[in-house]
Amino acid sequence: MAGKLYIVPTPVGNLEDMTFRAVRVLQEADLILAEDTRTTSVLLKHYDIHGKLQSHHKYNEHQTVAAVKERILAGLDVALVSDAGTPGISDPGFLLVRTCAAEGIEIQTLPGATACIPAVVSSGLPCDRFCFEGFLPQKKGRQTALKALAGESRTMVFYESPYRLVKTLDQFAEVFGAERLCSVAREISKIHEEHRRGTLAEAAAWFREHEPKGEIVIVVAGCPSGRREHEERDYEKQTESAGRT
C-alpha cells in the first residue's frame, strides 16, 4: 500500500505558529524533506521531533524527486517542509507535488503559515481580490512583467529581498505611479515586525534612509481605473443574470 505525501507549512517567524496537526505529522512521518536541514533541525528540536531528515531544495529536486516518489509508492509517508511558510509558494515543492499527483499518490496539504496572507490583510488595501506575483524576474523579463501589471485592478503582492527593496520600489513608482498606495511588510511574525504604509514614493524614501532587513512582502494597490472597469463589468454581468431570471 502506497504512503502519502504531506505538505507541511512551517513558521515564517514565531515558532509557536506551528499547528498541532503539523507537529503530529512531522512526528509520524517516515521521512522529512527539508529545504535546509540545518534550519529545519532547529524547528524539530524545539518540538522534540526526531524524524529522519533529507535535503530537498531547488538545486537537487530534479535529481531526488523520482527516488522520493518510489519511496512513497513503497509505503513510506513523506512530509515536505521549506525553511519558512508553505512549500511550493516561492519555495521548492511544485515538482514533487506534480510528480506524485501524476502517480495517483494521495497528497495532503496542511493549512498554515505563509507570509502572503498576513501582509495583504494588514496592508489596509482591498483584499477581496488580489494577485500573488511572488519574486519578479531579476533581469530578463522584469520590465515586461511590470508593464503587464500596470493596469492590474487587483491588489498585488510581491516578495522581495531587502537588498533590492529600494530599487524595486523605485521601479514600481516609475511604472505604477509614485502616488500608488502600498504597504511594505517586514519580518512578519517576528519580534521586529513592521508594516510601512503610504505611497510608493514615500516607502522608497523611507527605506532609502532606513536600511531594510529581514523577509520582505510588498503589497501594492491595484490600478484605480482598472478596478472601476472590473466593478462595472461585474455589475453588468449581475444585471444581465437578474434579467434572465
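The values are calculated or read from the model by the stated rules, or taken from the named source; none is laboratory data. Please read all numbers here as calculations on a predicted model, not as lab measurements. Quick reminder, even Gly has a Cβ in these numbers, built from the backbone with ideal geometry, and neighbours come from all protein chains shown.
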Inset, instruction - Out of 92, 137, report the one residue that is in a loop (DSSP other than H, G, I, E, B) and more than 14 Å from the chain's Cα centre (by Cα). - result: 137
Legend entry - Restricting segment 160-192 to residues that are closer than 14 Å to residue 212 by Cβ and among the basic types (Lys, Arg), the residue that is nearest to the chain's Cα centre (by Cα): 186
Legend entry - Contacts under 6 angstrom Cβ, first residue in segment 18-29 being among the β-branched types (Val, Ile, Thr), partner at pLDDT 95 or above and loosely packed, with under 15 Cβ neighbours inside 10 Å, 6 or more apart: 23/47
Inset, instruction - Note down all Cβ pairs under 6 Å where the first residue falls in segment 33-45 and is in contact (Cβ under 8 Å) with a residue 60 or more places away in the chain, the second is of a type outside the set (A, V, I, L, M), and they're at least six residues apart or on different chains. - result: 33/54; 33/56
Inset, instruction - Would you mind finding the one in 79, 84 that is under 30 Å from residue 153 (Cα atoms) and buried (at least 17 other Cβ atoms within 10 Å of the Cβ)? - result: 84
Legend entry - Matching residues in segment 213-224 - criterion: being modelled with pLDDT of 95 or more and either in a strand (DSSP E or B) or not hydrophobic (A, V, I, L, M, F, W, C) (or both): 216, 217, 218, 219, 220, 222
Legend entry - Criterion: touching a residue at least 60 places away in the same chain (Cβ under 8 Å), out of contact with any strand residue (DSSP E or B) (no Cβ under 9 Å at 6 or more places or on another chain), within 22 Å of residue 216 (Cα to Cα) and not in a helix (DSSP H, G or I) - qualifying residue of 111, 87: 111
Legend entry - Identity of the residue in segment 17-75, of a type in the set (Gly, Ala, Ser) and surrounded by 13 or more Cβ atoms within 10 Å (Cβ to Cβ), that ends up farthest from the chain's Cα centre (by Cα): 51
Inset, instruction - Note down all Cβ pairs under 6 Å where the first residue falls in segment 177-199 and is free of Cβ contacts under 8 Å to residues at least 40 places away in the same chain, the second is of a type in the set (Phe, Trp, Tyr) and surrounded by fewer than 21 Cβ atoms within 10 Å (Cβ to Cβ), and they're at least six residues apart or on different chains. - result: 196/206
Legend entry - Residue satisfying condition, being in contact with a helix residue (DSSP H, G or I) (Cβ under 7 Å, 6 or more places away or on another chain) and either more than 22 Å from residue 122 (Cα to Cα) or modelled with pLDDT under 95 (or both), within set 175, 157: 175
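Yes/no per residue for (1) in the same structural domain as residue 136 (by TED's automatic domain parsing); (2) within 27 Å of residue 14 (Cα to Cα); (3) in contact with a Pro (Cβ under 9 Å, 6 or more places away or on another chain); (4) of a type in the set (A, V, I, L, M):
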| position | (1), (2), (3), (4) |
| --- | --- |
| 155 | yes, yes, yes, no |
| 178 | yes, no, no, yes |
| 183 | yes, yes, no, no |
| 189 | yes, yes, yes, no |
| 197 | yes, yes, no, no |
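Here's the yes/no breakdown for (1) touching a Ser or Thr at 6+ places or on another chain (Cβ under 7 Å); (2) not hydroxyl-bearing (Ser, Thr, Tyr):
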| position | (1), (2) |
| --- | --- |
| 5 | no, yes |
| 13 | yes, yes |
| 56 | yes, yes |
| 76 | no, yes |
| 90 | no, no |
| 95 | no, yes |
Inset, instruction - Name the single residue, out of those in segment 90-107 being in contact with a helix residue (DSSP H, G or I) (Cβ under 8 Å, 6 or more places away or on another chain) and surrounded by fewer than 17 Cβ atoms within 10 Å (Cβ to Cβ), that is farthest from residue 40 (Cα to Cα). - result: 103
Inset, instruction - Give the residue that is surrounded by the most Cβ atoms within 10 Å (Cβ to Cβ), with candidates limited to residues of segment 1-16 that are modelled with pLDDT under 95 and of a type in the set (Gly, Ala, Ser). - result: 13
